[in-house]
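This report concerns only the one structure given below.
The values are calculated or read from the model by the stated rules, or taken from the named source; none is laboratory data. Please read these numbers as outputs of a predicted model, since none were measured by experiment. Note: ideal-geometry Cβ built from the backbone for every residue, glycine included; neighbour counts use all protein chains shown.
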Amino acid sequence: MRICSLIVFAATTMVACGGQPAPTPAPQPAAPASLPTAARQTPPPTAPPPSLSATAVLHDLAGRRVGTLTLTESYAGLIIAGNITGLGLGAHAIHLHEVGKCVAPFLTAGAHFNPQGKHHGFLSPQGWHLGDLPNLDTPPAGKLKFDVVAPGVTLKGANGLLDADGASIVIHASRDNYYSDPSGDSGSRIACGVIVLK
C-alpha cells in the first residue's frame, strides 16, 4: 500500500504518491510610484513684484529745504514717510496735489489730487479727495518724523499720481478742518515738493 503524505515546506506544497510540486508564481514588478497630480502641477514659487517708490524734497517759500518724503506703494495704499523741520510750532495741513510743479507761492501745484471728483474732507459725507491726508502737528523743537497712508492712491496706473504732468505734495500754514471745500480752510501754502520716481 502506498502511503500518501502531504508535506508543506515554507511556501511550497508537494503532493506525494507520484505528484509534482505546485508551481510558484513568478513575482510581479511593483507599479512605479507617482506623485499626486497637484504636486506635479504646482509651479515653483516666484518673488512678488517690487513696489514702486518715489521721493519728494520739500522747500519753503524762500527756497530753503525743510523736509524729505518717501512714497511707497502697498496693498493698503500709498505709504508716505517724512521728515520735516523749520515749519514752526503747530498744526499744518498736508495734501497731495495734481501737478508736479513747485514755484512759490506754490499755486503751480494745482488743486488737490482728486480723480474721483469728490468733496474735500474726511468729515464730509460727499468726501474725500484721494489727496487728503491727516494734519501734521509740529512740536516745539520744530522737527517731526511721520508716517501716513493715502488709501487707494498709487504712483502709476489706476488713481496714479504720476501722469503726464506729475504730482506734488504741499504743506499749509494752518490745520485742515476736514470738511470745508476745497482745502479745509488750511491757509496759505508754505512748503512744496515735486514727487519723482526713485
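When you look at Asn83, is it among the polar types (S, T, N, Q), assigned to a strand (DSSP E or B) and in contact (Cβ under 8 Å) with a residue 12 or more places away in the chain, yes or no?
yes
If you check Gly88, Gly187, Gly166, Gly193, which single one turns out to be assigned to a loop (DSSP other than H, G, I, E, B) and under 19 Å from Leu71 (Cβ atoms)?
Answer to the selection: Gly166.
Determine the pairs where a residue that is under 18 Å from Gly157 (Cα atoms), located within the stretch 109-134, has a partner that is of a type in the set (Lys, Arg) and outside any loop (DSSP other than H, G, I, E, B) with Cβ atoms under 7 Å apart, the partner being 6 or more residues away or on another chain.
Taking only residues 6 or more apart or on different chains, not a single pair turns up.
I'm trying to understand the selection: among the residues of the stretch 151-163, which are of a type in the set (Gly, Ala, Ser) and either part of a strand (DSSP E or B) or free of Cβ contacts under 8 Å to residues at least 40 places away in the same chain (or both)?
Gly157, Ala158, Gly160
Could you identify the single residue in Val170, Val194 that is within 22 Å of Gly100 (Cβ to Cβ), at pLDDT 95 or above and in contact with a Gly (Cβ under 7 Å, 6 or more places away or on another chain)?
Val194 is the lone residue from the list that is within 22 Å of Gly100 (Cβ to Cβ), at pLDDT 95 or above and in contact with a Gly (Cβ under 7 Å, 6 or more places away or on another chain).
When you look at Asp147, is it over 21 Å from Gly63 (Cα atoms), in contact (Cβ under 8 Å) with a residue 60 or more places away in the chain and surrounded by 15 or more Cβ atoms within 10 Å (Cβ to Cβ), yes or no?
no
Only one of these is in a loop (DSSP other than H, G, I, E, B), among the β-branched types (Val, Ile, Thr) and either under 22 Å from Ala191 (Cα atoms) or modelled with pLDDT of 95 or more (or both): Val103, Val148. Name it.
Val103
Contact list please: Cβ distance under 7 Å, first residue in the stretch 97-108 and at positive phi, second residue not in a loop (DSSP other than H, G, I, E, B), pairs at least six apart or on different chains.
Once the first residue is at positive phi and sits in the stretch 97-108, its partners that are not in a loop (DSSP other than H, G, I, E, B) give Phe106/Val170; Phe106/Arg189; Phe106/Cys192.
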